[in-house]
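One structure is given here, and the rest of the page talks about it.
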Protein chains: 2
Amino acid sequence: MQFELTDELLAQVEGLVEEQDDKALQKLLKEFHYADIAEILDELNLEQAVYVIKLLDSKTTSDILIELDEDNREKVLKNLTAQEIAEEVEELDTDDAADIIAELPEERQTAVIAKIEDEEHKEEIKELLAYDENTAGSLMAKELVKVYETWTVAGCMRRIRGQAKEVTRVHSIYVVNKEEKLIGRLSLKDLIVAKSEQKISELVKVNVDFVNVNERVEEVARLMAKYDLEAIPVIESDDNKVLLGRITIDDIVDVMKEEAERDYQMAAGITGDVDSDDSILQLTRARLPWLFLGLIGGIGAFVIMEGFQESFNKYAVLFFFTPLIAAMAGNVGVQSSAIIVQGLANDDVKGSVNDRLIKEMLLAALNGIILAIVLFLFVWATKGELNTALAVSASLVAVIIVAGLIGTFVPLFLDKRGIDPAIATGPFITTSNDIFGILIYFWIAKMILGI
Amino acid sequence: MQFELTDELLAQVEGLVEEQDDKALQKLLKEFHYADIAEILDELNLEQAVYVIKLLDSKTTSDILIELDEDNREKVLKNLTAQEIAEEVEELDTDDAADIIAELPEERQTAVIAKIEDEEHKEEIKELLAYDENTAGSLMAKELVKVYETWTVAGCMRRIRGQAKEVTRVHSIYVVNKEEKLIGRLSLKDLIVAKSEQKISELVKVNVDFVNVNERVEEVARLMAKYDLEAIPVIESDDNKVLLGRITIDDIVDVMKEEAERDYQMAAGITGDVDSDDSILQLTRARLPWLFLGLIGGIGAFVIMEGFQESFNKYAVLFFFTPLIAAMAGNVGVQSSAIIVQGLANDDVKGSVNDRLIKEMLLAALNGIILAIVLFLFVWATKGELNTALAVSASLVAVIIVAGLIGTFVPLFLDKRGIDPAIATGPFITTSNDIFGILIYFWIAKMILGI
């Protein structure tokens with residue numbers, strides 16, 4: 001069943017679109033999962049993609065839209081009328097529906113919402129649109145299966161048959177009291193293995209996990225991963241546990257992927273979620289700022305070295321080690337910041353900041369000394385100048401220790417300030433460490449060589 | 001319900017362990033989810049942790065063991081007898097049981113397996129242990145709910161009541177024919193909304209996703225994320241679809257987390273999965289090799305610069321720009337490699353390698369020219385030497401282009417060779433780019449200044 005997007009398949013689809021052979025096209029695409037069709041459409045040009053979307057029934061296309069690349073989806077939606085978008089939205093669960101609408105420009109949003117016929121669906125979408133991005137509310141769906149504690153298993157089953165039709169996947173059945181407040185959960189399994197005359201209140205599992213509607217998405221992801229949850233109910237607030245919706249693991253999986261990619265890119269000096277197929281301009285916008293930072297750092301290093309020029313006319317050789325010093329400072333800084341950033345993300349950075357810094361200092365010292373010995377032997381062997389060798393290797397140790405401390409401290413500091421520490425790994429740390437490194441290097445070398 | 005591991009709580013647990021107040025300890029811990037208890041044990045010292053493990057019933061402790069940090073679990077297991085471990089294993093699903101046993105030293109493995117009483121459980125665990133790491137087989141559980149196409153809904157429900165008891169979570173019900181071959185799936189929901197006299201063969205969804213038992217774990221994760229699956233059945237082979245087990249999304253979530261962390265660390269020049277709480281020696285082992293690479297690169301740069309020394313006695317200023325050149329080469333290289341590595345991971349790197357390289361060249365040229373202009377103006381303004389300014393900025397452009405090409409080509413090359421391209425980002429690229437960058441820089445500068 002493994003789907004693979006071959007050039008043949010792509011050519012075939014493009015061909016059928018050109019010939020406008022709708023019958024054959026529908027027949028061909030009916031074979032594929034909507035996620036696969038989305039993969040195909042992502043490779044077609046806009047006109048072709050729109051043609052296919054307009055051809056297929058909105059039951060399928062609504063799912064396809066969700067799976068499209070964001071940029072492509074935006075373009076496709078531009079080519080659909082408010083009426084057409086509304087029809088797609090009618091088919092979607094409230095969470096996906098709200099996501100689609102949220103991507104539209106303000107005025108279109110109202111136009112589309114106005115065209116939604118199902119009043120309940122419309123109200124629920126409006127509610128979801130009101131929650132801030134990156135909160136549980138922005139991720140949850142209104143669709144869920146809910147029963148009252150007073151019901152019997154048999155009654156439950158009857159009611160569930162009704163509710164379940166609108167719910168794509170029944171994970172848990174949420175049990176509420178007459179004020180609609182969450183009091184526990186049930187699995188379908190529990191219902192099936194139970195006797196039909198039993199009361200729900202006898203079966204309900206009361207210690208159910210839940211999140212507050214304003215909880216941060218990252219925290220929701222952490223909880224669901226930690227407790228191996230497939231769905232988590234969302235409540236209004238800790239003191240008013242009215243059940244508002246539920247978040248399913250598939251949405252969390254997407255969140256985790258995006259998060260991981262963002263951090264990875266940020267560590268590499270790329271801002272904004274770009275991928276290798278984006279335009280050169282998009283990629284430049286994402287990469288140039290960090291390169292500028294590097295340029296400024298380099299100019300800083302230049303100024304420092306110029307400042308030491310006089311003292312070193314007799315030790316020109318020292319200048320040849322500056323790339324080495326800068327590189328080591330950068331690498332060590334990135335290493336220690338990466339460890340801290342990750343520790344913070346998994347919130348297993350326990351203990352005091354001082355302990356961290358002391359540990360990192362020892363670690364850096366250990367690495368530094370080992371590396372310094374190698375460097376010392378190299379310089380001594382090749383140059384035969386004991387002093388130079390000593391100066392270079394001694395300052396390397398100092399540089400590495402400082403680099404480690406900066407790499408540890410900066411992310412901790414940013415985190416305390418409520419700034420995403422991930423920006424600290426990569427160019428930010430490298431650049432600052434280049435400058436500090438070179439400064440410390442020349443300064444110590446100057447002392448040792450006594451000039 | 002938010003659990004938070006406070007120092008007070010930790011102190012309380014430690015206190016009760018010291019006083020050996022088992023009653024109070026059991027009462028206290030009964031309140032917590034096993035994942036939370038694991039979090040507590042991770043903070044206790046070994047004796048304390050083992051004490052708690054031996055105190056609680058194996059129903060709970062088996063789940064706790066799974067959630068412990070790998071290093072801590074290893075230590076704890078060392079302190080349990082084969083008999084005790086076997087008792088834990090009896091309580092676990094086959095996949096977790098196999099994971100625990102796989103972590104034991106060879107001879108203990110056989111000892112523990114011998115002590116497992118439930119014969120079926122034992123055989124299933126042995127089967128799972130036989131599959132290679134990083135294959136679907138190593139991740140799947142034998143527990144699943146299976147029905148035959150010939151059954152009726154009513155019959156099904158009866159049988160499921162039996163099977164479901166052993167299955168932690170019923171996601172899908174897998175439908176097999178009399179040769180035990182997978183022919184489709186059903187959701188509990190489908191069963192509940194169906195009429196009790198209906199035949200399964202009428203309800204079964206035949207286009208079910210499945211994976212081959214030898215499929216790579218990364219591929220399984222990609223599929224489950226793409227198709228929003230909560231569980232996927234595992235079959236023996238594409239031509240012999242005998243149903244062997246199923247993989248659930250919670251295991252995939254863990255896999256995705258580990259993958260993301262590994263790539264992130266690799267990009268930062270850290271090998272082996274270490275975290276901020278590991279010992280200084282573990283951290284050194286993970287970090288030092290990459291620093292050595294950096295050292296060698298630096299020494300390479302040194303040799304190059306020394307080679308150009310003669311020609312530049314009148315242009316000492318050029319040496320002051322080497323950290324800048326090296327930094328830019330490094331940053332650009334990391335940026336382009338990160339984009340490619342991520343593209344390869346999401347396998348959306350389509351089109352030919354040449355197109356990639358051309359695109360990256362244009363991108364780098366664009367960035368390079370913008371940065372070069374800034375640098376040119378700076379040098380010209382401060383030094384007033386038009387030639388130097390020209391030489392420095394012209395070579396910066398060249399360096400950036402080459403760095404971009406290396407950063408793009410290396411991961412693509414490694415990937416073709418079947419090597420994880422993730423090692424290409426970080427120190428590996430930075431170091432090689434430092435050397436190439438400085439070489440190109442001096443070489444071009446020399447041409448332009450005509451020396």
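Mean separation of Cα pairs under 8 Å and 6 or more residues apart, divided by the residue count, gives the range B:250-330 a relative contact order of 16 percent. Along the range A:317-323 the Karplus relation, 6.51 cos²θ - 1.76 cosθ + 1.60 evaluated at θ = phi - 60°, assigns HN-Hα couplings of 3, 4, 5, 6, 9, 4, x Hz to successive residues, with x for each Gly and Pro. Scanning residues 5 or more positions from B:ILE183 or on other chains, those with amide H under 5 Å from its amide H are B:VAL175, B:VAL176, B:ASN177, with H placed 1.01 Å from N in the peptide plane. Per-residue ellipticity at 222 nm computed for chain A from its helices equals -21000 deg cm²/dmol, with DSSP H segments shorter than 4 residues left out and the rest contributing -39,500 (n - 2.57).
If you put +1 on each Lys and Arg Cβ and -1 on each Asp and Glu Cβ, how big is the dipole of the protein assembly as shown around its Cα centre, in Debye rounded to 20?
2260 debye
Projected label points at A:LEU9 and B:GLU180, each 7 Å from Cα along the beta carbon direction, are separated by 3.2 nanometres. 3J(HN,Hα) couplings calculated from phi for the range B:205-222 with the Karplus curve 6.51 cos²θ - 1.76 cosθ + 1.60 (θ = phi - 60°) are, in sequence order, 8, 7, 8, 9, 6, 8, 10, 6, 4, 9, 4, 5, 4, 4, 5, 4, 4, 4 Hz; Gly and Pro show x.
Computed from the C-beta positions of A:GLU127 and B:GLU127, the FRET efficiency with R₀ = 35 Å rounds to 0.10.
Under a 5 Å amide H cut-off, with hydrogens placed 1.01 Å from N, A:THR152 pairs with A:ILE200 among residues at least 5 apart or on other chains.
The DSSP beta bridges internal to chain A are antiparallel in roughly 75% of cases.
Between A:LEU362 and A:GLN20, the FRET efficiency estimated from the beta carbon spacing at R0 = 56 angstrom works out to 0.20. Normalising the average separation of contacting C-alpha pairs (under 8 angstrom, six or more residues apart) by the number of residues puts the relative contact order of chain B at 11 percent. Rg/Rh for the range A:1-85 (Cα atoms only, Rh after Kirkwood) is 0.93. For the range B:260-277, a drop of 10 Å² or more in accessible area on going from the chain alone to the assembled protein chains (1.4 Å probe) is found at B:ALA260, B:GLU261, B:ASP263, B:TYR264, B:GLN265, B:ALA267, B:ALA268, B:ILE270, B:ASP275, B:SER276, B:ASP277. Here is how far apart the A:GLU197 label points are across copies: 2.6 nm, shortest first, using a point 7 Å from Cα toward Cβ. Could you give the distance between the Cα centres of the range B:64-110 and the range A:1-71, to the whole Å? Each part reduced to its Cα centre gives a spacing of 49 Å. Of the beta bridges in the protein assembly as shown, as assigned by DSSP with both residues counted there, near 70 percent are antiparallel. Using a simple spin-label model with pseudo-atoms 7 Å out from Cα toward Cβ, B:ARG216 and B:ASP420 lie 1.1 nm apart. Placing a pseudo-label 7 Å from each Cα along the Cα-to-Cβ vector at A:ASN45 and B:PHE292 gives an inter-label distance of 5.5 nm.
Ordered from largest to smallest accessible area (heavy atoms of protein chains, 1.4 Å probe), the residues A:GLU88, B:GLU149 come out as B:GLU149, A:GLU88. The mean count of C-beta atoms from other chains within 10 Å of the C-beta of residues in B:152-161, rounded to a whole number, is 1. In order along the range A:325-330, the phi-based Karplus estimate (6.51 cos²θ - 1.76 cosθ + 1.60, θ = phi - 60°) of 3J(HN,Hα) comes to 4, 4, 4, 4, 4, x Hz; Gly and Pro are listed as x.
The fraction of accessible area contributed by carbon and sulfur in chain A is 55 percent, rounded to a whole number (1.4 Å probe; ligands and nucleic acids excluded). Protein heavy-atom accessible surface, 1.4 Å probe, per residue over the range A:145-248: 42 Å².
Relative to the dominant Cα principal axis of chain B, helix B:153-164 is inclined by about 70°.
Under a 5 Å amide H cut-off, with hydrogens placed 1.01 Å from N, B:SER172 pairs with nothing among residues at least 5 apart or on other chains.
Here's the picture: charge each Lys and Arg Cβ at +1 and each Asp and Glu Cβ at -1 in the range B:308-381, and of B:LEU324, B:ALA381, B:ILE340 the one pushed furthest to the positive end of that dipole is B:ALA381.
The residues B:MET224, B:MET447, sorted by heavy-atom accessible surface at 1.4 Å with ligands and nucleic acids left out, run B:MET447, B:MET224 from largest to smallest. Each chain gives up part of its surface: B and A jointly bury about 10700 Å² of accessible area, both sides summed, for a 1.4 Å probe.
Each other copy holds its own label point for A:GLY384; taking that point as 7 Å from Cα along Cα to Cβ, the gaps run 4.2 nm, nearest first. Here the calculated FRET efficiency for B:GLU202 and A:LYS27, from their Cβ-Cβ distance with R0 = 22 Å, stands at 0.35, rounded to the nearest 0.05.
The values are calculated or read from the model by the stated rules, or taken from the named source; none is laboratory data. It should be emphasised that the depicted structure is a prediction, and the values quoted were computed from it without experimental measurement. Don't worry about glycine lacking a Cβ; one is built from the backbone with ideal geometry, like all the others, and counts go over all protein chains shown. Remember, those area values only see protein heavy atoms, side chains included, never the ligands or the DNA or RNA. Shrake-Rupley method; radii C 1.70, N 1.55, O 1.52, S 1.80 Å.
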